[in-house]
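J.: Once you've had a glance at the structure underneath, I'll fire off some questions.
The values are calculated or read from the model by the stated rules, or taken from the named source; none is laboratory data. These figures come from a predicted structure and were not determined experimentally. Don't worry about glycine lacking a Cβ; one is built from the backbone with ideal geometry, like all the others, and counts go over all protein chains shown.
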C-alpha cells in the first residue's frame, strides 16, 4: 500500500483496484470482497458514482475500504 496509508474507512487506491480487477475479485453491486491489508481485515465495496479512469482503474470504479470483514 502507498505511503501515508491509514487504517480506517477510505477509498481504495487505484493500484489496489487494479490488483483486485486483475485477480478477478473486484467487488460488484451485490458482492463485496474481503481482504487483508498489512494484517488488518477489510471489506472492499463498490461505492456510488465513478472516479476518473486511470491505467490501474480503467472503468473508474469507486471502491471503498471498510475496516473489518463483512458477510455478503
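J.: Of the residues 61, 32, only one is in contact with a strand residue (DSSP E or B) (Cβ under 6 Å, 6 or more places away or on another chain) and farther than 13 Å from residue 10 by Cβ; which?
T.: Details: 61 fails: in contact with a strand residue (DSSP E or B) (Cβ under 6 Å, 6 or more places away or on another chain).
Just a single option satisfies the conditions, and that option is 32.
J.: Give the range 25-43 a look and list any residue that's touching a residue at least 40 places away in the same chain (Cβ under 8 Å) and exposed (fewer than 10 other Cβ atoms within 10 Å of the Cβ), or say none.
T.: none
J.: Name the residues in the range 29-41 that are more than 20 Å from residue 7 (Cβ to Cβ) and assigned to a loop (DSSP other than H, G, I, E, B), would you? Don't jump to the end; show me each part of the working.
T.: Going residue by residue through the range 29-41, those that are more than 20 Å from residue 7 (Cβ to Cβ) are 29-31.
29, 30, listed by residue number.
J.: So is residue 10 in contact with a strand residue (DSSP E or B) (Cβ under 7 Å, 6 or more places away or on another chain), within 13 Å of residue 70 (Cα to Cα) and either at pLDDT 95 or above or exposed (fewer than 15 other Cβ atoms within 10 Å of the Cβ) (or both) or not? Write out each step before concluding.
T.: Values: in contact with a strand residue (DSSP E or B) (Cβ under 7 Å, 6 or more places away or on another chain): yes; within 13 Å of residue 70 (Cα to Cα): no; either at pLDDT 95 or above or exposed (fewer than 15 other Cβ atoms within 10 Å of the Cβ) (or both): yes.
Considered against the rule, which asks whether it is in contact with a strand residue (DSSP E or B) (Cβ under 7 Å, 6 or more places away or on another chain), within 13 Å of residue 70 (Cα to Cα) and either at pLDDT 95 or above or exposed (fewer than 15 other Cβ atoms within 10 Å of the Cβ) (or both), residue 10 comes out as no.
J.: Looking at 26, 20, 16, 59, which is the one that is within 9 Å of the chain's Cα centre (by Cα) and in a loop (DSSP other than H, G, I, E, B)?
T.: Working: 20 fails: in a loop (DSSP other than H, G, I, E, B); 16 fails: in a loop (DSSP other than H, G, I, E, B); 59 fails: within 9 Å of the chain's Cα centre (by Cα).
That would be 26, the only listed residue that is within 9 Å of the chain's Cα centre (by Cα) and in a loop (DSSP other than H, G, I, E, B).
J.: From the set of residues in the range 42-56 that are assigned to a strand (DSSP E or B) and in contact with a helix residue (DSSP H, G or I) (Cβ under 9 Å, 6 or more places away or on another chain), which is nearest to residue 11 (Cα to Cα)?
T.: Per the criteria, the residue is 44.
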